[in-house]
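Every number here is computed from the coordinates shown, using simple stated rules; none is lab data. Predicted model, so just to flag it, every value in this text is computed and none were measured. Note that we place each Cβ from the backbone using ideal geometry, even for glycine, and neighbour counts take in every protein chain shown.
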Amino acid sequence: MNKLEPTYWVERYADYLLRYAMFRLNDQAQCEDLVQETFLSALKAKENFKGNSNEKTWLTSILKNKIIDAYRKKDRRPEAVSDDIFYSQFFDINEDQSAHWRSDQYPHPWENSAIEGMVTKEYYRILHQCVSNLSETHQAILTEKYFEETDSEKICKDFNISKSNYWTILHRVNIQLRKCLELNWVNT
């Protein structure tokens with residue numbers, strides 16, 4: 001059974017928790033506050049620690065919940081951009097309402113050299129830049145889905161969105177990320 005050692009939490013986990021929060025929120029002051037709140041909440045709840053996980057995992061779980069709460073406090077409604085306006089950036093809509101890629105927006109196949117380069121620091125720098133161009137809500141949903149591998153039902157519950165809204169958001173995010181990567185990485 002794992003045992004808590006609160007006197008060592010700051011020394012052992014503060015930097016890790018701050019990096020974890022920064023990846024999700026990208027606001028130094030808010031992240032520092034959330035890490036402090038995490039330590040305080042953990043101290044208050046230490047009697048509830050069952051020892052089924054280690055300290056780091058337990059503290060990270062508390063921080064993750066605090067990050068989700070931070071998103072809930074902000075305006076979590078997706079941007080008020082209509083589907084027509086959003087999709088018109090990428091697709092031509094025919095009279096019969098069928099959509100086709102606009103010739104200037106059509107996705108280009110990525111060369112093997114680009115795929116090989118995906119492990120480079122440059123790729124991750126550009127990916128982080130592209131992700132930071134998304135709205136905070138879309139960043140959070142993307143992080144939960146692809147980096148945290150959170151179940152879609154839990155994401156819908158955490159962000160208080162419907163399944164169809166969730167899939168619309170992911171679709172939009174994927175289109176935006178692909179375009180950003182094509183402009184800033186693949187074609188460079």
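For the pair R178 and K44, label points projected 7 Å from Cα toward Cβ lie 4.5 nm apart. Each residue, D27 and S103, gets one label point 7 Å from its Cα in the Cβ direction; the gap between the two is 4.5 nm.
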